[in-house]
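These notes concern the structure reproduced below.
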Amino acid sequence: MQCRRGEHSQPPLQHRRWTSVARVRARRELVAIPAWNESGSIADVVTKVREHRPQADILVVNDGSTDDTAQLAEQAGAAVVSLPFNVGVGGAMRTAFLYAKRHGYRAMVQVDADGQHDPADLNRVLDGLDSADVVVGTRFHPNSMYFVGGPRRWAMILLSKTLSRMNHGTISDPTSGFRSAGPRAIDLFAVDYPAEYLGDTVGSLSIAIRNGLVVSETPVTMYFRQTGRPSKNALWSALYLGRASLAIIATSLKRTYTSRGDSA
Amino acid sequence: MTAQILGILAALITFVFVFSLLRRGILQEKYAVLWLFFSGAVLFFAVFPSALIWICSIIGVAQPVNLLFFVTMVLLVLVAVQLSYELSRHEVRIRRLAEEVALLDRQLKEIQVERDGE
């Protein structure tokens with residue numbers, strides 16, 4: 001038993017399961033959906049993702065849900081990884097990156113479980129990986145129906161300017177959670193993915209840029225969340241900007257990974 | 001005189017309390033040592049206030065009480081920083097463990113499904 005296992009770099013089970021898929025497709029893809037108590041929308045999101053990107057595997061990271069999110073996701077045809085308690089989007093995403101790395105996926109795309117992201121854009125976000133390590137789906141483009149106003153808009157513009165400068169290329173929507181990662185980004189994020197608020201969006205981009213990854217963007221459609229969001233006023237925007245700046249500064253001070261790899 | 005007795009009492013109570021926590025294995029040595037040192041120092045200066053006055057005269061602090069407050073504050077801040085450090089480290093480790101548990105759980109289920117299929 002033991003010597004048989006030694007022949008494989010991956011656990012034998014996964015190896016067997018995916019060989020047929022790997023033979024057909026050059027780049028194995030994973031759609032990662034972090035979900036925390038999303039029983040109302042998760043099945044729909046998984047079904048739509050399968051419709052629009054049938055060749056991709058789907059992983060739902062159940063972030064300590066107390067409802068039946070996990071069962072519904074499984075029934076809809078996704079693989080489910082369940083965290084023992086809620087760790088936040090950042091922690092859930094790192095779990096997904098670890099999973100992607102260990103199972104040898106070459107591309108991973110993050111989609112929200114609340115139906116905010118349109119799976120019809122999956123192809124665009126994933127195809128962008130041909131010329132970049134990270135592709136961010138941006139809400140801000142001429143045809144977008146997404147509107148942000150007031151202080152919140154200024155905060156977002158300031159963030160976008162800062163990261164675009166760091167990146168030497170436009171990142172108009174750094175807080176977007178609709179994004180994809182290529183093999184180099186998967187390796188990096190499996191080791192280092194920030195768990196703090198805004199770290200998973202803004203902070204992770206800053207980490208990617210600092211480690212020399214190529215970040216690009218592509219326009220996507222985003223819907224307003226169905227459930228009510230608290231109103232965003234000036235104070236909220238100031239706090240938001242402060243926390244985002246902290247996320248950027250904290251990740252900018254971090255050491256970079258010159259030899260990326262096996263520590264995960 | 002009253003202040004002296006108060007100081008001695010406080011130091012002794014802290015010492016006994018920390019020591020009993022240590023003995024019962026609730027407190028770890030690395031934290032206990034700090035508090036024991038703390039109460040020891042308080043006890044020393046409560047018994048020999050002249051020592052405090054002597055130190056003050058050497059480094060040029062007019063009021064011995066000020067030196068006491070200053071040193072106490074610095075020590076407490078250091079303790080707070082140490083605790084934040086330990087807490088951050090543990091948070092990262094716990095999250096890491098949660099991630100591993102989730103992935104292992106998934107793997108276990110896959111193996112079970114595989115077994116049942118054979």
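Coordinate-derived values only; no laboratory data. Computed from a predicted model, the values in this text were never measured in an experiment. So basically every Cβ, Gly included, is an ideal-geometry build from the backbone, and we count neighbours across all protein chains shown.
Things worth noting here:
- Residues satisfying the stated conditions in the range A:153-183, i.e. buried (at least 17 other Cβ atoms within 10 Å of the Cβ) and basic (K, R): A:R179
- Some residue of the range B:87-98 being away from chain A (no Cβ under 14 Å) and of a type in the set (V, I, T): no
- Identity of the residue in the range A:202-218, touching a residue at least 60 places away in the same chain (Cβ under 8 Å) and β-branched (V, I, T), that ends up farthest from the other protein chains (Cβ to nearest Cβ): A:T218
- Qualifying residue in the range A:95-106 (condition: touching a Gly at 6+ places or on another chain (Cβ under 9 Å) and surrounded by fewer than 22 Cβ atoms within 10 Å (Cβ to Cβ)): yes
- Only one of the listed residues (A:G64, A:G115, A:G90, A:G128) is away from chain B (no Cβ under 14 Å) and in contact with a helix residue (DSSP H, G or I) (Cβ under 9 Å, 6 or more places away or on another chain). That residue is A:G115.
- Cβ-Cβ distances below 8 Å connect the following pairs, each with a first residue in the range B:101-116 that is at the interface with chain A (Cβ under 7 Å from one of its Cβ atoms), a second residue that is surrounded by 13 or more Cβ atoms within 10 Å (Cβ to Cβ) and aromatic (F, W, Y), and a separation of six or more residues or different chains: B:L103/A:Y99; B:R106/A:Y99.
- Here B:V33 does not qualify as within 14 Å of another protein chain (Cβ to nearest Cβ) and either closer than 30 Å to A:N62 by Cβ or not charged (D, E, K, R) (or both).
- Selected residue (only one of B:V33, B:V65, B:V42 is farther than 26 Å from B:M1 by Cβ and in a helix (DSSP H, G or I)): B:V33
- Of the listed requirements (1) within 22 Å of the chain's Cα centre (by Cα); (2) assigned to a helix (DSSP H, G or I), B:G25 misses just one: (2).
- Spans of strands (runs of 3 or more DSSP E) in the range A:25-139 with at least 1 residues farther than 20 Å from A:G182 by Cβ: A:29-35, A:57-63, A:79-83
- Selection within the range A:71-94 - under 22 Å from A:E29 (Cβ atoms), among the hydrophobic types (A, V, I, L, M, F, W, C) and surrounded by fewer than 20 Cβ atoms within 10 Å (Cβ to Cβ): A:A76, A:A79
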